[in-house]
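Undergrad: This is the structure I have questions about; it appears just below.
A short reminder: the numbers here are calculations on the coordinates, not readings from a lab. The structure presented is a predicted model; accordingly, all values stated were derived computationally and were not measured. Glycine also receives a Cβ, built like all others from the backbone with ideal geometry; neighbour counts cover every protein chain displayed.
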Amino acid sequence: MSLQGFPVTESDHGSIPYSPTAGLTYGPSDDLYWDPAALKGEIDRTFEICHGCRMCFKYCDSFPSLFSFLDERHDGNVRLVTGDETAQVMDACFQCKLCEVQCPYTVRDGHDFQLDFPKLVHRYRAQRTRAGRTSLRDRVLGDPDRTATAVRASGGLANALNSRSRLHRRFLDLLLGIHPDKDLPRFARTTFTSWAESKGLVGDDPSDGEVVVFPTCYVEHNEPEVGHDTVSVLTRNGVDVTCEKGLECCGMPAWESGNLETLRKKASVNLELLMPHVEAGKSVVAINPTCSMMLRREYPDLVSEEDRSRAQDLAAAVVDPSEFLWSIRDEDRFDDGFASTPGSVSYHAPCHLRAQAVGFKGRDLLRRIPDVRPSTTMECCGHDGTFAMKTEGYEVSVRIGKKAFDGIATPDAEVWATDCPLAALQFAQHAGRRPMHPMSILARAYEPDGFPTPVDQEGSR
């Protein structure tokens, strides 16, 4: 099977119907999903529609590349786009999902065209991966849990080398294709789950509690403090929080390269551990927007057939922490007793929260703190999972993220906020300040010395 060798003949001219082909499918459990000819038909159809619309030219390099090929090489004939050019278009997508958010022709909107470009890209990459073309880098970046275990075993050496050694970073560039200038996440000495166990939050009875936390691999291994703050804020607001031991990465890093096998293995583990909580009527609080999107929107289509029903039930139970807290804001237990205020806040709306269409509840919660009137930027930061770490993706990510960097840097905001910890990493490196998670801002605002400006008893400065 070859995806690079899509045949083109002189007879391949004329318009391509916009209606779905017989090869339309976005579910890998469908045998048709793996048919290269069926995929080619859907790629041609999608390219034809996008060529005629061009609404999504600004989100990544996929569409500018496609339009350039069509305008400069092929006189608008989609059928003349080569296999290599198709690969360039597909590889330029970093799954921000914003094209799907803005597209007027989507499955989600019930449109007859049933377009979903990010899922089409995943289908393309899944076929390529099944054909055996998976790089060492994709295998390493696609399994953050395994990487974290190896790094933690180094006793802090890996963190030091990643941040301080140019020779080591050059080695990572040559061996794996990880850009030497990219600031990489640090790995914590203690995982979030270890901390949760020490606090008695991991129990034997899944029916206990109101919510169970899905910390995500990033909070688990890199910034457990965000998880601590999330638990603290929820608990302060009368939410009975529990945690589970043994949860794995949501699988999105593996799925970025089309590695369905790894995704399904991790999904199966997570379903096995989370479903007793769901069946007990609990909500699943997923801290990272990418991970809540994965559990809520992707699992039902991507897991194996035997896991499908459980994945649908899990999806219905998944919430972002700010989304959950916002849902109880009018209840007596909601705590408005803030003791200090950050004042002006500049808020970045993560792409994968926008993709879930749940609104910007983190920003809205910040407004409950006295004197906080957040400004909002909705541009993509460009980090997008592991994309910004890759040698070929780093400079592109900086270019794409510039609008977000400029947008968040409002002159009067001493505190920046974003729900996405990887976006925070991107802003710290390229905009000069690290945004805080809304849960961390709320946790500090409850403390008298959390921020320099106190709040009086009446809730004003």
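Undergrad: With axes computed from alpha carbons, what is the tilt in degrees of helix 62-72 against the longest principal axis of the chain, rounded to the nearest 10 within 0 to 90?
TA: 30
Undergrad: Rule-of-thumb check for region 168-236: C-alpha Rg over 2.2 N^0.38 Å?
TA: 1.51
Undergrad: Next question, about the same structure. If I fit a long axis through the Cα atoms of helix 394-408 and take the longest principal axis of the Cα atoms of the chain, what angle between them do I get, 0 to 90°, rounded to 10?
TA: Orientation of helix 394-408: about 50 degrees from the principal axis.
Undergrad: Give me His122, His168 sorted ascending by neighbouring Cβ count inside 10 Å, so fewest comes first.
TA: The most exposed by this proxy come first: His168, His122.
Undergrad: Ser198 versus Ala87, label points 7 Å from Cα toward the beta carbon: distance in nm?
TA: If labels sit at Ser198 and Ala87, their model points lie 4.9 nm apart.
Undergrad: Sticking with the crude label model, points 7 Å out along Cα→Cβ, report the distance from Val269 to Thr235 in nm, one decimal please.
TA: Inter-label distance under the simple model: 2.6 nm.
Undergrad: Defining a contact as two alpha carbons under 8 Å apart and six or more residues distant in sequence, what relative contact order in percent does the chain show?
TA: Reported relative contact order: 13 percent.
Undergrad: Taking Lys282 as the anchor, which aspartates and glutamates have their alpha carbon closer than 14 Å to its alpha carbon, excluding any fewer than eight residues away along the same chain?
TA: Excluding near neighbours in sequence, the set is Asp205, Asp208, Glu210, Asp240, Glu244, Asp313, Asp320.
Undergrad: For each of Leu174, Leu274, Leu325, count neighbouring Cβ atoms within 10 Å of the residue's Cβ, then give the residues from fewest to most.
TA: Least crowded to most crowded, the residues run Leu174, Leu274, Leu325.
Undergrad: To continue, here is another question. Counting only residues 5 or more places away or on other chains, whose amide H sits under 5 Å from the amide H of Phe214 once H atoms are built in the peptide plane?
TA: Val285, Ala286, Ile287
Undergrad: In the structure displayed, which of Lys119/Lys182; Lys266/Lys402; Lys119/Lys403; Lys245/Lys402; Lys199/Lys390 lie more than 31 Å apart, Cα to Cα?
TA: Table pairs above 31 Å Cα-Cα are Lys266/Lys402; Lys245/Lys402; Lys199/Lys390.
Undergrad: Which distance in nm do the two modelled labels at Arg367 and Glu392 give, with both placed 7 Å along the Cα-to-Cβ direction?
TA: So the label points at Arg367 and Glu392 sit 4.3 nm apart.
Undergrad: Which angle between 0 and 90 degrees, to the nearest 10, do you get for helix 144-153 versus the longest principal axis of the chain when only C-alpha atoms count?
TA: The answer is roughly 60 degrees.
Undergrad: Cysteines of the chain lacking any other cysteine beta carbon under 4.7 Å?
TA: Cys50, Cys53, Cys60, Cys93, Cys103, Cys243, Cys380, Cys381, Cys420
Undergrad: Hey, another quick one. Would you order Lys182, Lys265, Lys199 from fewest to most other beta-carbon atoms within 10 Å of each residue's own beta-carbon?
TA: In order of increasing Cβ crowding within 10 Å: Lys199, Lys265, Lys182.
Undergrad: Over all pairs of distinct alpha carbons, what does the Kirkwood formula give as the hydrodynamic radius of region 147-195, in Å?
TA: Every distinct Cα pair counted, the radius reaches 11.5 Å.
Undergrad: Long-range amide H contacts for Ile178: which residues qualify at under 5 Å (H placed 1.01 Å from N, peptide plane, sequence gap of 5 or more or a different chain)?
TA: The answer is Asp173, Thr391.
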